[in-house]
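Each remark here refers to the structure printed beneath this line.
Every number here is computed from the coordinates shown, using simple stated rules; none is lab data. Predicted model only: the values in this text are computed from it and were never measured. Ideal geometry is used to build each Cβ from the backbone, glycine not excepted, and the neighbour counts take in all protein chains shown.
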Amino acid sequence: MTRAIRIEQHGGPEQMKLIDVSVGDPGPGEIRIRHKAVGLNFIDVYQRSGLYPMPMPLNLGMEASGIVEAVGSGVTHLKAGDRAAYASHPPGSYCEARVMPAKNVCKLPDAIDFDTGAAMMLKGLTAQYLLKRTQPQGGLKEGDFLVFHAAAGGVGLIACQWARAMGLKLIGTAGSQAKCALAKENGAAHVIDYTKEDFVARVKEITGGKGVKVVYDSVGKDTFDKSLDCLQPFGLLASFGAASGPPAPMNVGTLAAKGSLFVTRQTLFTHIATRERNQEMADDLFAAVTSGKVKIHIDQRYPLEQVQQAHQDLEARKTTGCTILTL
C-alpha cells in the first residue's frame, strides 16, 4: 500500500484527499518507482480544476524523483536501484510509490539530489523546449531581446539563467518588486513589475521602439493581447499556460494588422513524446544544472498531507521558484 492524493471530481483544493492505494508489479514497458520527492506545477491545478478535463477518479501530479524498485519487460534504459526522475503522463506522482510507463523516466545524475530532481524536470524541460525548440523566424541569436512572463516562477527562474547563458537579453515580468528583484538576480537583463508599469511601453522603451522577436507567455488571459503588442513584425507569441485563465478567442486578422505575427500554443508532452527526444532534452537540462549555468531554486516545501495549502499558495501567486511535496 502507498499514500496518494486523489480527486473524485473537478473543483478547488478541497477536492484533494489523501488515500491509501495498492501498488502492483510493473507490466511491459513499465517501472515501479518509490518516490523521494514530488514536484508541484500549474498543470496540476489545471487538471484539478477542470480547465484540462480529466477522467475521474484522478490521482494528481506529473513530476517526481525516486528510486526504481522494479522494471517490466522491454525496459532497457533503467534497472532496479537506479536513481531516477521524470515529468510524464499519466498523472499520479502525488504518492509514495507508483507503477508507470518507463519511456519518460530518466536516470538522475549522481550530482543532482532528489529534491532538485523532483523540482526540475517539468519546469526545466519546459524552459528547454521554449528557448531552444520554440523560436521565432530566423532563430534567436546572441544579443536578441525576448519577453518572459512570470519570470520569478519555477519555469521563469530557469529561463532567466538559461537565456543569460545563451547570450540573450531576457525581459522578465513579475507581479511585485521582490519577484522582479529575484528574476534580475537570476539573469534577467531587464525586469518589469506589471502591477506598476505598462509592460508594453517598457518593452518598447528597452528595445528602442523595435519590440522583441518572441514573447513566452504562461499567464494567459491577463497578458495575451498586450503580449502581441510587444512583438516586432514577424514576431512569435508562444503561449504555454493560462495561470490567469485562458485567453479570449482571437480574430486571426489581428495578426496581420499587428505585423504578420505568429502565435503558437505549446505543451511539453508533445516535445517529449518519444523516449529518444525526452532523453536528449533531459541530457541538455542535466548538463545545464551540473555545470552551474542553471540553479534550481526550491523556495517552498510542503508535506504531502498539506497539498491543499500548496495549491492555494500556488494559485494565489504566493510562491516563487519551484515547489516540492515531501514524503
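DSSP assigns beta bridges within the chain; of those with both partners inside it, close to 55 percent run antiparallel. Among the listed pairs Lys79/Lys123; Lys196/Lys318; Lys169/Lys210; Lys141/Lys179; Lys132/Lys258, those whose Cα-Cα separation exceeds 22 Å are Lys79/Lys123; Lys141/Lys179; Lys132/Lys258. Taking Cβ atoms as reference points and 12 Å as the exclusive limit, the residues near Gln232 contribute a net charge of +2, counting Lys and Arg as +1 and Asp and Glu as -1.
Under a Gaussian network description of the chain, with springs only between Cα atoms under 10 Å, the residue in Leu130, Leu51, Leu157 that fluctuates furthest is Leu51.
For Ile7, the shell of other residues with beta-carbons less than 13 Å away shows a net charge of 0, using +1 for Lys and Arg and -1 for Asp and Glu.
Computed from the Cα positions only, the extents of the range 8-107 along the three principal axes stand at 39, 24, 21 Å, in decreasing order. Within the range 35-173, the proportion of C-alpha pairs whose separation exceeds 25 Å stands at 37%.
Mean-square fluctuations from a GNM of the chain, with a 10 angstrom spring cutoff on Cα atoms, peak among Asp217, Asp144, Asp198 at Asp198.
The alpha carbon radius of gyration of the range 212-327, expressed as a multiple of 2.2 N^0.38 Å, is 1.33. Calculate, in whole percent, how much of the Cα-Cα pair population of the range 63-144 lies beyond 16 Å. When all Cα pairs of the range 63-144 are counted, 57 percent exceed 16 Å.
The Rg/Rh ratio for the range 161-212, using Cα coordinates for both the radius of gyration and the Kirkwood hydrodynamic radius, is 0.97. Loop-located GluC sites (Glu not before Pro) in the range 51-149 (DSSP state not H, G, I, E or B) with no more than 12 neighbouring Cβ atoms inside 10 Å: Glu142. Here the Gaussian network model covers the chain, with springs between Cα atoms less than 10 Å apart; of Ile31, Ile272, Ile112, Ile112 fluctuates the most.
The packing ranking, built from the mean of other Cβ atoms within 10 Å per residue, places the peptides 166-178, 280-292 in the order 166-178, 280-292, highest first.
When the alpha carbon gyration tensor of the range 135-265 is reduced to an equivalent ellipsoid, the three semi-axes, largest first, read 21, 17, 13 Å. Pairwise Cα separations in the chain fall into 10 Å bins from 0 onward with the following percentages, short to long: 6, 27, 34, 23, 9, 2, 0. Report summary: the helix-based calculation at 222 nm, which adds -39500 (n - 2.57) for every DSSP H run with n ≥ 4 and divides by the residues of the chain, gives -8500 deg cm²/dmol.
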